[in-house]
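Trainee: Here it is, the structure, as structure tokens.
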Amino acid sequence: MKILVINTGSSSIKYQLFDMEGKRAIVNGLAEKIGEDIGELTHKVIQADGQTQKHEFHDKIADHGKGLEKIVDLLTIGEQAVIKDKTEISAVGHRVVHGGEAFQTPTIIDSKVIDAIKENIPLAPLHNPPNLMGIEVAMSIFPDAPQIAVFDTAFHQTIPAHAFLYALPYELYTKDRVRRYGFHGTSHAFVANRCAEYLKKPISELNVITIHLGNGASVTAVKNGQSVDTSMGMTPLEGLVMGTRSGDVDPALPFYLTSHLEMSINDIDSLMNKKCGMKGLCGSNDMREVLEKIESGDQQAKTALDVYCYRIKKYIGAYYAVLGRLDAVVFTAGIGENSPDIRELAIAGLDHMGLSIDKQQNRKRIDGINEINTNDSKVKILVVPTNEELKIARETERIIKA
Ligand code: AMP
């Protein structure tokens, strides 16, 4: 069975084609700069031995429909083709950012689901509209294939009211849906399950803190396999320090920025989402650049990294208290998987809580899961590569088989 997984942004389509029997992606790619004068399409065919052949195109991609058509052509025509025609694709799995309270599990997309995704646009104005566009385009190009939505928020729907409610007038929750939703759910769920497999423990008995550190970053407390709290809130702005997002700040900050600097709501929105985080603190949102700056003696970058790691440590402490018993702490995503320095700084000084890192093991690069705790550490510390697309493909397969 072949399943296509699509993650549509406002000017991009990220895609992977999975061979579910072979349990692997056979193609991955990214169409970018859709709607601009010159678009970019990178299409990689992945062999069984892991070798890839990369094909790059620099042509105008007028809209998402044209982008997806080009992708289908690449999958079906020419020397790089991997399938005979598009009917070989049994289903399409879509990443959808905000499912609100309507979706606790992945769902077959029909007109009611489309309406519900539309209803959640006010909660995710930047993400849900392009996700919807991807769905509509895929439905017209693959009219016979079931389309499945996998929501970033779904895994966090088990968070109890005492953790998802803000201390605001209750009507803001009941009437206006203001609450913590949480994001990166597909990734947190994927690595929690991989952790359970690794520890040979049923997921229903696993207590783990999963730390997703990519451009966006979030921590989740997983109790008996279910999300019971997470650092992102009503929007993905809350919580950890991120590439360009502030994470937690004093909620009175916007009043001060308005009265003192005469900033508009739009200015503040753009500031806190695009100009804060590591970019605001030291001028670079790419963590590799931050680490290079630190190497060359940049003290401001070092302070920024200290802020970043201190915030992670605070959440580990808070979620340890929430969980009571802790089996493991898991690092994942671009930074979590690749930066031993950040893992070491975030865990430093937590030995009294049973978290001791093996510094040498932490520096080793391992394919798959790396256990980086010392032998006498009470709590396991693991680096677990995330794979949101694979999780979406598996959920899609499960649903269409059911
Ligand atoms: P993601 O959103 O999961 O793709 O992660 C993107 C982030 O991972 C960016 O900030 C990258 O700088 C960071 N990253 C990727 N590779 C490394 C690395 N080797 N060391 C530190 N950060 C990295």
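The values are calculated or read from the model by the stated rules, or taken from the named source; none is laboratory data. Note that the coordinates shown come from a computational prediction; the quantities given were computed from them, not determined experimentally. Cβ coordinates were reconstructed from backbone atoms using ideal geometry, including for glycine residues, and neighbour counts include every protein chain displayed. The accessibility values were calculated without ligands, DNA or RNA, using every heavy atom of the protein model including side chains. Shrake-Rupley method; radii C 1.70, N 1.55, O 1.52, S 1.80 Å.
Trainee: Under 7 Å between Cβ atoms, at least 6 apart or on separate chains: pull out the pairs that start in the range 205-227 with a residue that is away from the ligand (no atom under 15 Å from the Cβ) and end on any residue that is basic (Lys, Arg) and open to solvent by 10 Å² or more (accessible area, probe 1.4 Å).
Mentor: Correct list of pairs: Asn207/Lys223; Asn207/Arg325.
Trainee: For residues that are assigned to a strand (DSSP E or B) and in contact with a Gly (Cβ under 7 Å, 6 or more places away or on another chain), tally how many sit in the range 42-88. Even if it seems obvious, please write down each step before you answer.
Mentor: Pass one, the range 42-88, residues assigned to a strand (DSSP E or B): 42-46, 52-59.
Adding the requirement that they be in contact with a Gly (Cβ under 7 Å, 6 or more places away or on another chain) leaves 42-44, 59.
Summing the residues that are assigned to a strand (DSSP E or B) and in contact with a Gly (Cβ under 7 Å, 6 or more places away or on another chain) in the range 42-88 gives 4.
Trainee: Here are some residues: Ile3, Ile61, Ile34. Which one is more than 25 Å from the chain's Cα centre (by Cα), buried (at least 19 other Cβ atoms within 10 Å of the Cβ) and within 27 Å of Ile114 (Cβ to Cβ)?
Mentor: On the way: Ile3 fails: more than 25 Å from the chain's Cα centre (by Cα); Ile34 fails: more than 25 Å from the chain's Cα centre (by Cα).
Only one candidate qualifies: Ile61.
Trainee: Determine if the range 154-169 includes at least one residue that is more than 25 Å from Gly317 (Cβ to Cβ) and crowded, with 24+ Cβ neighbours inside 10 Å.
Mentor: yes
Trainee: Determine which single condition Val329 fails, assuming it passes every other condition in (1) within 16 Å of the ligand (Cβ to nearest atom); (2) in contact with a strand residue (DSSP E or B) (Cβ under 8 Å, 6 or more places away or on another chain).
Mentor: In the conditions (1) within 16 Å of the ligand (Cβ to nearest atom); (2) in contact with a strand residue (DSSP E or B) (Cβ under 8 Å, 6 or more places away or on another chain), Val329 misses (1) alone.
Trainee: Would you please name the residue that is nearest to Met20 (Cα to Cα), looking only at residues in the range 362-373 that are open to solvent by less than 100 Å² (accessible area, probe 1.4 Å) and in contact with a strand residue (DSSP E or B) (Cβ under 7 Å, 6 or more places away or on another chain)?
Mentor: Here is the first cut: in the range 362-373, the residues open to solvent by less than 100 Å² (accessible area, probe 1.4 Å) are 362, 366, 368-373.
When the remaining residues are screened for being in contact with a strand residue (DSSP E or B) (Cβ under 7 Å, 6 or more places away or on another chain), the result is 369-373.
Details: Ile369: 22, Asn370: 25, Glu371: 28, Ile372: 31, Asn373: 34 Å.
Applying the filter and picking the extreme gives Ile369.
Trainee: Related question: Name, by its number, the condition in (1) more than 19 Å from Ile6 (Cα to Cα); (2) open to solvent by 60 Å² or more (accessible area, probe 1.4 Å); (3) in a loop (DSSP other than H, G, I, E, B) that does not hold for Leu172.
Mentor: So the condition that Leu172 fails would be (3).
Each row is one residue, and each column tells you yes or no for (1) of a type in the set (Lys, Arg); (2) under 18 Å from Met242 (Cα atoms); (3) free of Cβ contacts under 8 Å to residues at least 24 places away in the same chain.
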{"position": "Lys302", "(1), (2), (3)": "yes, yes, yes"}
{"position": "Lys314", "(1), (2), (3)": "yes, yes, yes"}
{"position": "Ala321", "(1), (2), (3)": "no, no, yes"}
{"position": "Leu345", "(1), (2), (3)": "no, yes, no"}
{"position": "Asp367", "(1), (2), (3)": "no, no, yes"}
{"position": "Lys378", "(1), (2), (3)": "yes, no, no"}
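Trainee: Which numbered condition in (1) open to solvent by less than 70 Å² (accessible area, probe 1.4 Å); (2) farther than 21 Å from Val379 by Cβ; (3) in a loop (DSSP other than H, G, I, E, B) is the only one that Asn215 fails?
Mentor: Asn215 satisfies all of (1) open to solvent by less than 70 Å² (accessible area, probe 1.4 Å); (2) farther than 21 Å from Val379 by Cβ; (3) in a loop (DSSP other than H, G, I, E, B) except (1).
Trainee: Any residue at all in the range 321-336 that's over 15 Å from Ser218 (Cα atoms), open to solvent by less than 30 Å² (accessible area, probe 1.4 Å) and assigned to a helix (DSSP H, G or I)? Step through it out loud before you land on a result.
Mentor: Kept after step one, since they are over 15 Å from Ser218 (Cα atoms), are these residues of the range 321-336: 321-328.
Those left that are additionally open to solvent by less than 30 Å² (accessible area, probe 1.4 Å): 323, 326-328.
Okay, now just the ones that are also assigned to a helix (DSSP H, G or I), so 323.
Yes, the range 321-336 has at least one match.
Trainee: Just to be sure, is Phe155 within 25 Å of the chain's Cα centre (by Cα), over 17 Å from Pro236 (Cα atoms) and not in a loop (DSSP other than H, G, I, E, B)? Full working, then the answer.
Mentor: On the way: within 25 Å of the chain's Cα centre (by Cα): yes; over 17 Å from Pro236 (Cα atoms): no; not in a loop (DSSP other than H, G, I, E, B): yes.
Answer is no for this residue.
Trainee: In the range 229-317, which helices (runs of 4 or more DSSP H) lie fully inside it and hold 3 or more residues that are under 26 Å from the mean Cα position of the chain (by Cα) and away from the ligand (no atom under 15 Å from the Cβ)? Steps first, answer last, please.
Mentor: Working: elements: 253-261, 265-274, 277-282, 287-295.
Filter on the range 229-317 gives 265-274.
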